[in-house]
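Note sheet for the following structure.
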Amino acid sequence: MNDIGDEGAERFADALKENRTITTIDLGGNNIRAKGVSEIAQALKDNPVITTLELGYNPIGPDGAKALCEVLKFHGNVKTLKLGWCQIGAKGAEFIADMLRYNSTLSILDLRANGLRDEGARCLARSLKVVNESLTSLDLGFNEIRDDGAFAIAQALKANEDVTVTSLNLASNFLTKFGQTALTDARDHVYEMTEKEVNIFF
């Protein structure tokens with residue numbers, strides 16, 4: 001972890017615009033905020049090479065999530081996106097959910113510890129109902145999600161016959177046995193209908 005901040009992120013983004021070799025960017029824990037992540041997002045726009053972006057532990061907030069998602073919706077080639085501990089909240093989850101409806105490259109999405117709560121879980125669930133041919137792993141650990149959020153995700157898994165998610169982490173949330181049972185039932189339903197296995201972690 002360094003502390004390059006927004007100014008350093010802007011310089012880094014300028015360098016990225018010329019990059020055609022680096023595939024993995026790890027800027028975790030660098031005190032980057034919405035302004036800095038906006039610059040990085042623009043650098044991803046026409047870059048087919050970068051496939052992994054780690055931005056965890058940066059206070060990008062919902063505005064940073066919005067800037068990133070506006071680009072990733074239709075551009076770039078990011079397959080792994082790590083946004084754990086980024087303070088995006090339920091509002092940021094709305095932008096991510098919208099992006100997921102259109103993005104065709106993202107396979108692994110880490111949203112741990114963002115205060116998504118049930119509201120954010122419901123936003124993401126609405127997108128999980130839509131066919132997304134690439135997302136295989138979704139990490140929602142440490143997000144204060146309760147049974148209502150779990151029910152929404154369970155319904156989404158049941159509703160999408162073409163679900164591609166094989167790993168769903170909901171560990172360290174506030175689920176009771178009711179939320180856990182709903183998710184377990186959804187997992188079993190997906191297997192019965194499609195023979196696809198979804199690993200769900202509580």
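Descriptive notes on the structure:
- Taking (1) basic (Lys, Arg); (2) surrounded by fewer than 19 Cβ atoms within 10 Å (Cβ to Cβ); (3) assigned to a helix (DSSP H, G or I) in turn, residue 122 satisfies each apart from (2).
- Candidate set: region 140-162, residues that are crowded, with 21+ Cβ neighbours inside 10 Å and out of contact with any helix residue (DSSP H, G or I) (no Cβ under 6 Å at 6 or more places or on another chain); chosen: the one farthest from residue 87 (Cα to Cα): 140
- Test: residue in region 193-202 that is buried (at least 19 other Cβ atoms within 10 Å of the Cβ), outside the structural domain of residue 57 (by TED's automatic domain parsing) and out of contact with any Ser or Thr (no Cβ under 8 Å at 6 or more places or on another chain): no
- Only one entry of 192, 197 meets the criterion of being farther than 22 Å from residue 92 by Cβ and either assigned to a loop (DSSP other than H, G, I, E, B) or touching a Gly at 6+ places or on another chain (Cβ under 6 Å) (or both), and that entry is 197.
The values are calculated or read from the model by the stated rules, or taken from the named source; none is laboratory data. Quick caveat: nothing in here was measured; it's all calculated off a predicted structure. All Cβ positions, glycine included, derive from the backbone under ideal geometry; neighbour counts span all protein chains shown.
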